[in-house]
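Undergrad: Encoded as structure tokens, here's the structure I'll be asking about.
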Amino acid sequence: MNFSEVFKQSNQLCKVSPDGKYLATCVQYRLVVRDFNSLQIVHLYTCLDPVMHMEWSSDSLFILCAMYKRGLVQVWSLEQPDWHCKIDEGSIGLVSSRWSPDGRHILNTTEFNLRVTVWSLCTKAVSYIKYPKACQKGVDFTADGRYMALAERRECKDYISVFVCDDWHLLRHFESETQDLAGLEWSPNCCVLAVWDNCLEYKILLYSLDGRLLSSYSAYEWSLGIKSVAWSPSSQFLAVGSYDEKVRILNHITWKKITEFEHPATIINTKAVVFKEVEKRPVVGSEDLSIHQLTVDNSLFSTQSKYEITQLPAQVPVIKPDPDRANPKIGISALAFSADNRFLATKNDNMPQSLWVWDMQRLSLLAVLEQTAPVRCFVWDPRRPRLALCTGNTKVYLWSPAGCVSVNVPVEGMDPVSPHSLFQDCPAYSLAVWC
Amino acid sequence: MGDWWTPTMMPDPSLDTKELSSISGISMSPSRQNLHHSLHSTMALPKTSYSVLSAFCTEENISQCIAYINQEVCSLGLTGVSLESKSGSLSAVPVLNLLYEVLQLQRRAQRALHELETQQLKNGSDLEHLQHSNCRLKDQLEHTRRDNSGLHEGERQLQLKIKTLQNWLKSEKEEVQKLQSIISSRATQYNHDTKRKERECTKLKERLNQLLMDKRDKKLCESFQMSYFCILCLHLCSAIEISNHVGRSDGKRGLWKTGKMEARHEGEMYRALLSDYETRQRSLMMENSELKKVLQHMKKDMITILSPKKPCIKTEPANDSLEQAVSEGEEEIGDSSRETLEQSCEQAREQLTNSIRLQWRKLKSHMERLDSQASLVACQEREGEEMMSRKEHEEEMQRMRMELQQCKEFIHMQQQLLQQQLSSPCDEETAALLNDCYTLEEKERLKEEWRLFNEQKRNFEQERKNFTEAAIRLGHERKAFEEDRAAWLKTQFLNMTPFVDRKRPALSEPHSALSVGECP
């Protein structure tokens, strides 16, 4: 594996353009655009305030930089570097800003979720959407960018509005049967909208594009409910992860549960493989501990790690959550399907060092990866069944059905920088790791 | 009995039997010694019997004794003895008879006594045995009673435990229900409170919005007097400042919002939904047809499995089912063609599934039967096989043994010969002689061959010489022949040609002359 040089960025703002040609990073006020292959600086822009959020437009022509403190959004063009655009929300404040799928509209959510303003870069038109709901995931665009679903709350009731992104025409507006809508997500085939309730109630509703309720699913009541939801790329399965440490898979024909995946503390399934990360610290003799050595050669502190296969039955380390605190660290908090629908990766919050990989063809556990530190982030390769994860040390771990490997990310200096998130880029077969 | 006449000095009637036995004891012949011993064993003879005997009958009271004896004997049912009048003495015959009868009686009595005694012993032992068993059974009964009471006690305790557990379970259930009701009531309360707070929040938001709008309007009104362009600079209200508007991403121009547009959007939405449903339906149909095909194949396979070729039908019950299956199979195959026509028909589907189920059941029963048969046959075969294999085994063994023997003999012989060969003889002379013999033999052979060879060589030489001579002769003869020919041709030519005097050209070239002669 080849690594590029390390370059600075702040606030985890480092994004590759959707067409894979450029890499944009933000350092305080500056926006640096580099060519992806050569990493030469192509453009350099300066914003009015430290940038909090940066996003590429879908056609890779524009970049928006949002500065929430000042309520400003600045848009930069790659084709015409001297083109500029500034959106000022004024005293109404700014909480979040995002592109629309066509790359020509910007949706700003104002403070206190008073409204969502849709600014157009093509026309002078401004649209306002009132009463947006402040929740985990209140806005979602369809994969083809045609429709947008927005959760609203009026008079203590949840509503869902479906807009046509073309001209922001309100297509449908219907009441949702949730108590307190926590999130919504379109299916990849753009025809079904999954809407789930607050964690106080386990309820997931499935609405069709035209607002009809197709089905509703509730596994149990009273206990804490849904924590995370993920669609499979073929829209065949809907994976629902909940606080009871189980993932329930619903099928798209009957919208009923076909199976549930449990995350027990003892794995006795004989077909699963348990990979355990084992660290080896290099043994150091006292004569090597010179200052020169310490400053120059950081391999002293770097640890080699490799995976070992543990014999079944295997114990998974469990951390009991504090029962008195809200949002307890228990339950399935992250789900991700592989691009070919064959695998599902899940993370259970009270087993933070383990990552579970399930085979969707056999609907059974395939592998468990046990790391030495809590797993921070994992992401699937958009082309092949390969999973990359990081745990906050200087390594990136890769899993594929053939096996597991841990890769050291070379970083200068003594401090081990920790990768916080990963991004897999489709055309370039590369992985951007930022710390 | 017998007390109506008691002679003087009559001994006790209870001692009668003892007296009689003592009498018998006195006049016993040696052949009856054993009987006497047995009698002795049964009865203890008092030593005083002899003296008593003398007291019973004396010379004086013979008739009285006889009368008494007659009395006694009559009471026993025997014939008495009579006193002969002539000499006042008893005739021996009736007395002996009487004695004999009495002895018989006595023997019978003894036997009866013996039997009774044995019976008594048996009864005694039986009684003992019964007593023992009685004791044992009593103990057992006691023991079981104790166990029973213990078990009862245990059962009672368990029942108590069950009751307590059930009570506990009931109380837990009640508690759970109570908690659930508490939770639900609290949930409703929280919901209510949340709604209230939410309403407050919305009111605040509305107010805030209004205030901001008012502020903006005020500022706008104020700044409207100012230059138009400065509106964009005010940062109190939200505004966009853009150097130039960008074209749309798809390059088209924006359209006005009209009813037609709305209808178009609706149409597009429904089209998207419909296409999704259609693709889904298509894939489901395909899957369905695939599964149906698989089921039909399975059915056909099952039919063929259940109806094998006729000769290898095993048992009667299997036969019936097979025939049935065959007939049904034919029916089924006929059906399947119909089925393919009406694929989506409800009845066809049901028919297919029902027929599959039927076939499967038949196959299962067939397999079970085969399994049982196979196990039976396997048991039988195992025994038969053993015997068979043993016989074969034996034969094989015999054959191998013989072979082994033969080989051994052969090897032995070889070894002997080899030994003879290798073992050096006692004297070296014989060895040398032997060697000489061998070499001599070889020499002779070689000589013979040499001789032959030489002979052949000579013959060959001779022939070669003859050949050469013959060749020389042949050469000479040829030459002579050629000369003769030439002369003959010359004469011929000379005779043929008209020019008789021209002899010279014909001589030099007889050949060419001939050829000239032929073509005039």
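Undergrad: For A:GLN40, work out the one condition from (1) closer than 22 Å to A:LEU107 by Cα; (2) surrounded by fewer than 18 Cβ atoms within 10 Å (Cβ to Cβ); (3) away from chain B (no Cβ under 14 Å) it doesn't fulfil.
TA: (1)
Undergrad: For the condition of a type outside the set (A, V, I, L, M) and under 60 Å from the mean Cα position of the chain (by Cα), what is the one hit in B:GLN177, B:GLN110, B:GLN104?
TA: B:GLN177
Undergrad: Output the residues belonging to the range B:239-271 that are surrounded by 15 or more Cβ atoms within 10 Å (Cβ to Cβ), at pLDDT below 75 and among the hydrophobic types (A, V, I, L, M, F, W, C).
TA: Hit for the range B:239-271 is B:VAL246, nothing else.
Undergrad: Which of the residues belonging to the range A:94-115 are at positive phi and out of contact with any Lys or Arg (no Cβ under 8 Å at 6 or more places or on another chain)? Walk me through it before giving the result.
TA: Let us first name the residues in the range A:94-115 that are at positive phi, namely A:103, A:112-113.
Once the filter is applied, which keeps residues that are at positive phi and out of contact with any Lys or Arg (no Cβ under 8 Å at 6 or more places or on another chain), the range A:94-115 yields only A:GLY103.
Undergrad: For residues that are at the interface with another protein chain (Cβ under 8 Å from one of its Cβ atoms) and not charged (D, E, K, R), scanning just the range A:121-139, find the one that is farthest from B:ARG216 (Cα to Cα). I'd like the intermediate steps shown before the answer.
TA: Just the residues of the range A:121-139 that are at the interface with another protein chain (Cβ under 8 Å from one of its Cβ atoms), to begin with: A:121-124, A:126, A:131.
Among the residues that remain, those that are also not charged (D, E, K, R) are: A:121-123, A:126, A:131.
Numbers: A:LEU121: 22, A:CYS122: 24, A:THR123: 22, A:VAL126: 16, A:TYR131: 20 Å.
Out of the qualifying residues, it is A:CYS122.
Undergrad: Out of the residues in the range A:222-267 that are charged (D, E, K, R) and surrounded by 14 or more Cβ atoms within 10 Å (Cβ to Cβ), which is farthest from the other protein chains (Cβ to nearest Cβ)?
TA: A:GLU260
Undergrad: Is it true that A:GLY103 is small (Gly, Ala, Ser), assigned to a loop (DSSP other than H, G, I, E, B) and facing another protein chain (nearest Cβ under 8 Å)?
TA: Details: small (Gly, Ala, Ser): yes; assigned to a loop (DSSP other than H, G, I, E, B): yes; facing another protein chain (nearest Cβ under 8 Å): yes.
Yes; evaluated as a whole, the condition is true for this residue.
Undergrad: Moving to a separate point now. Determine whether the range B:191-204 contains at least one residue that is out of contact with any strand residue (DSSP E or B) (no Cβ under 9 Å at 6 or more places or on another chain), within 12 Å of chain A (Cβ to nearest Cβ) and either over 30 Å from A:LYS130 (Cβ atoms) or among the aromatic types (Phe, Trp, Tyr) (or both).
TA: Step one: list which residues in the range B:191-204 are out of contact with any strand residue (DSSP E or B) (no Cβ under 9 Å at 6 or more places or on another chain), which gives B:191-197, B:199-201, B:203-204.
Adding the requirement that they be within 12 Å of chain A (Cβ to nearest Cβ) leaves B:191-197, B:199-201, B:203-204.
The next check asks that each one be either over 30 Å from A:LYS130 (Cβ atoms) or among the aromatic types (Phe, Trp, Tyr) (or both); those that pass are none.
Looking through the range B:191-204, none of the residues is out of contact with any strand residue (DSSP E or B) (no Cβ under 9 Å at 6 or more places or on another chain), within 12 Å of chain A (Cβ to nearest Cβ) and either over 30 Å from A:LYS130 (Cβ atoms) or among the aromatic types (Phe, Trp, Tyr) (or both).
Undergrad: Please find, within the range A:83-100, the residue that is farthest from B:ASP217 (Cα to Cα) out of those that are assigned to a loop (DSSP other than H, G, I, E, B) and more than 8 Å from every other protein chain (Cβ to nearest Cβ). Before the answer, list the steps.
TA: At the first step, the residues of the range A:83-100 found to be assigned to a loop (DSSP other than H, G, I, E, B) are A:83, A:89, A:93-95, A:100.
Right, trim to more than 8 Å from every other protein chain (Cβ to nearest Cβ) and you get A:93-95, A:100.
Details: A:GLY93: 17, A:LEU94: 20, A:VAL95: 23, A:SER100: 29 Å.
The qualifying residue farthest from B:ASP217 (Cα to Cα) is A:SER100.
Undergrad: Right, here's the next one. Go through the range A:134-179 and count every residue that is closer than 18 Å to A:LYS203 by Cα, surrounded by fewer than 20 Cβ atoms within 10 Å (Cβ to Cβ) and either among the charged types (D, E, K, R) or touching a Phe, Trp or Tyr at 6+ places or on another chain (Cβ under 8 Å) (or both).
TA: Number satisfying all stated conditions: 6.
Undergrad: If you scan the range A:206-215, which residues turn out to be of a type in the set (Gly, Ala, Ser) and more than 10 Å from chain B (Cβ to nearest Cβ)?
TA: Just the residues of the range A:206-215 that are of a type in the set (Gly, Ala, Ser), to begin with: A:208, A:211, A:215.
A:SER215, the sole residue that qualifies.
Undergrad: Tell me, which helices (runs of 4 or more DSSP H) lie completely within the range B:29-118 with 2 or more residues that are modelled with pLDDT of 80 or more? Let's see the steps before the verdict.
TA: Numbers: elements: B:33-42, B:49-56, B:62-76.
Per the criteria, B:62-76.
Undergrad: Would you mind finding the one in B:MET298, B:MET286 that is away from chain A (no Cβ under 11 Å), within 47 Å of the chain's Cα centre (by Cα), assigned to a helix (DSSP H, G or I) and modelled with pLDDT of 90 or more?
TA: Values: B:MET298 fails: modelled with pLDDT of 90 or more.
Matching residue, one of B:MET298, B:MET286: B:MET286.
Undergrad: Does A:HIS53 satisfy the condition of being more than 21 Å from the chain's Cα centre (by Cα), of a type outside the set (D, E, K, R) and over 23 Å from A:TRP168 (Cα atoms)? Steps first, answer last, please.
TA: Numbers: more than 21 Å from the chain's Cα centre (by Cα): no; of a type outside the set (D, E, K, R): yes; over 23 Å from A:TRP168 (Cα atoms): yes.
Spelling it out, it is not the case that A:HIS53 is more than 21 Å from the chain's Cα centre (by Cα), of a type outside the set (D, E, K, R) and over 23 Å from A:TRP168 (Cα atoms).
Undergrad: Kindly list, by first and then second residue, each pair from a residue in the range A:95-107 that is of a type in the set (Gly, Ala, Ser) to a residue that is buried (at least 21 other Cβ atoms within 10 Å of the Cβ), limited to pairs with Cβ atoms under 6 Å and residues at least 6 apart or on different chains.
TA: Correct list of pairs: A:SER96/A:THR109; A:SER97/A:ALA66; A:SER97/A:VAL73; A:SER97/A:ASN108; A:GLY103/A:SER57.
Undergrad: What residue, among those in the range A:44-80 that are aromatic (Phe, Trp, Tyr), touching a strand residue (DSSP E or B) at 6+ places or on another chain (Cβ under 6 Å) and away from chain B (no Cβ under 12 Å), is nearest to A:GLY20 (Cα to Cα)? So that I can check it myself, show each step before the final result.
TA: Our first condition is that a residue be aromatic (Phe, Trp, Tyr); within the range A:44-80, this holds for A:45, A:56, A:62, A:68, A:76.
Of the ones still in play, those that are also touching a strand residue (DSSP E or B) at 6+ places or on another chain (Cβ under 6 Å) are A:45, A:56, A:62, A:76.
Restricting the remaining residues to those that are away from chain B (no Cβ under 12 Å) gives A:45, A:56.
Numbers: A:TYR45: 20, A:TRP56: 11 Å.
The qualifying residue nearest to A:GLY20 (Cα to Cα) is A:TRP56.
Undergrad: Still on this structure, please answer the following. Got at least one residue in the range A:226-243 being over 27 Å from A:ASP144 (Cβ atoms) and hydrophobic (A, V, I, L, M, F, W, C)?
TA: The first filter runs over the range A:226-243 and keeps only residues over 27 Å from A:ASP144 (Cβ atoms), leaving A:227, A:242-243.
Within this subset, residues satisfying the condition of being hydrophobic (A, V, I, L, M, F, W, C) are none.
There is no residue in the range A:226-243 that is over 27 Å from A:ASP144 (Cβ atoms) and hydrophobic (A, V, I, L, M, F, W, C).
Matching residues to (1) touching a residue at least 24 places away in the same chain (Cβ under 8 Å); (2) farther than 20 Å from A:LEU94 by Cβ:
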residue: A:SER17; (1), (2): yes, yes
residue: A:CYS26; (1), (2): yes, no
residue: A:GLN40; (1), (2): no, yes
residue: A:ASP49; (1), (2): no, no
residue: A:HIS53; (1), (2): yes, no
residue: A:LYS69; (1), (2): no, no
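The values are calculated or read from the model by the stated rules, or taken from the named source; none is laboratory data. Computed from a predicted structure; not experimentally measured. Every residue, glycine as well, gets a Cβ built from its backbone with ideal geometry; the counts of neighbours run over all protein chains shown.
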